[in-house]
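A quick write-up on the structure given underneath.
The values are calculated or read from the model by the stated rules, or taken from the named source; none is laboratory data. Only a predicted model underlies this, so the values are computations on that prediction, with no experimental measurement involved. Heads up, the Cβs are rebuilt from the backbone with ideal geometry, glycines too, and the neighbour counts pull from every protein chain shown. The accessibility values were calculated without ligands, DNA or RNA, using every heavy atom of the protein model including side chains. Shrake-Rupley method; radii C 1.70, N 1.55, O 1.52, S 1.80 Å.
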Amino acid sequence: MIAIVDYDAGNIKSVEKALHFLGREALVTGDSEEILRADKVILPGVGAFGDAMDTIRGRGLDKVLRQVAENGTPFLGICLGLQLLFERSDEAPGAEGLGILKGEILRIPEKEGLKIPHMGWNSLHLENNGRLFRGIEENAYVYFVHSYYLKAGDESIVKASTEYGVHIHASVEKDNVFACQFHPEKSSDVGLHILKNFVEL
């Protein structure tokens, strides 16, 4: 069973629908025991870093999510879910992230001709043999919605990157922990293939 972590963030339903489309049983839950019992865990999300961390801490889910990572359970962060896995974000100075992975979340710099938030389809440069990208071609397009981007502390965990006025670490993998800044559940056939690779780990 795949647990989709419910912490009142947006976009949870579309992840659940995508998993059902792939024929996988998914449970949307904020219950610590159900999350720890799951075969795989997905932390989706659209929203603000500071508010999300307040909610996660208030419900004791920070300890649960760190435990999931430590237990070796395949764990996927999507969009805000990626950002929360890291240490800090420009969006909420002083707020600590989960710190499961090393790195920081920075604001996309203003640049003429580029709209922020970055909303739309961008191509991916694949690197370091990411397991989520098996069977995915170089320069495949995926869908992004974000104003902040990841700068990973360890570039060897970066499995896909993109450019939007700045070099963006678009997907990472370290041991059992995976994350995508883009939305695989909204990225058509390419996104479904990425989710399928995750659920088949």
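Overview of values
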{"quantity": "Cβ pairs under 9 Å, 6+ apart, first in region 173-201 and over 13 Å from L150 (Cβ atoms), second of a type outside the set (S, T, N, Q) and modelled with pLDDT under 95", "calculated": "H183/V46"}
{"quantity": "Residue list for region 69-83, filter: part of a helix (DSSP H, G or I) and either farther than 20 Å from E185 by Cβ or free of Cβ contacts under 8 Å to residues at least 12 places away in the same chain (or both)", "calculated": "A69, E70, N71"}
{"quantity": "Among the candidates L101, L114, L106, residue that is within 16 Å of S156 (Cα to Cα) and either within 18 Å of the chain's Cα centre (by Cα) or part of a loop (DSSP other than H, G, I, E, B) (or both)", "calculated": "L101"}
{"quantity": "All positions within region 91-115 that are closer than 16 Å to I168 by Cβ, modelled with pLDDT of 95 or more and open to solvent by less than 80 Å² (accessible area, probe 1.4 Å)", "calculated": "E91, L101, G103, E104, I105, L106, I108, P109"}
{"quantity": "Identity of the residue in region 123-136, part of a loop (DSSP other than H, G, I, E, B) and of a type in the set (A, V, I, L, M), that ends up nearest to G45 (Cα to Cα)", "calculated": "L124"}
{"quantity": "Complete set of residues in region 1-41 that are touching a residue at least 60 places away in the same chain (Cβ under 8 Å) and either more than 17 Å from the chain's Cα centre (by Cα) or more than 21 Å from R88 (Cβ to Cβ) (or both)", "calculated": "I2, N11, S14, V15, K17, A18, L19, F21, L22, R24, K40"}
{"quantity": "Flag if I35 is in contact with a Phe, Trp or Tyr (Cβ under 6 Å, 6 or more places away or on another chain) and among the aliphatic types (A, V, I, L, M)", "calculated": "no"}
{"quantity": "Which numbered condition I56 misses (of (1) out of contact with any Pro (no Cβ under 7 Å at 6 or more places or on another chain); (2) modelled with pLDDT under 95; (3) open to solvent by less than 30 Å² (accessible area, probe 1.4 Å))", "calculated": "(2)"}
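Condition check ((1) open to solvent by 10 Å² or more (accessible area, probe 1.4 Å); (2) at pLDDT 95 or above; (3) basic (K, R); (4) touching an Asp or Glu at 6+ places or on another chain (Cβ under 8 Å)) across all residues:
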position: I42; (1), (2), (3), (4): no, yes, no, no
position: D62; (1), (2), (3), (4): yes, yes, no, no
position: T73; (1), (2), (3), (4): yes, yes, no, yes
position: L76; (1), (2), (3), (4): no, yes, no, no
position: F86; (1), (2), (3), (4): no, yes, no, yes
position: S89; (1), (2), (3), (4): no, yes, no, yes
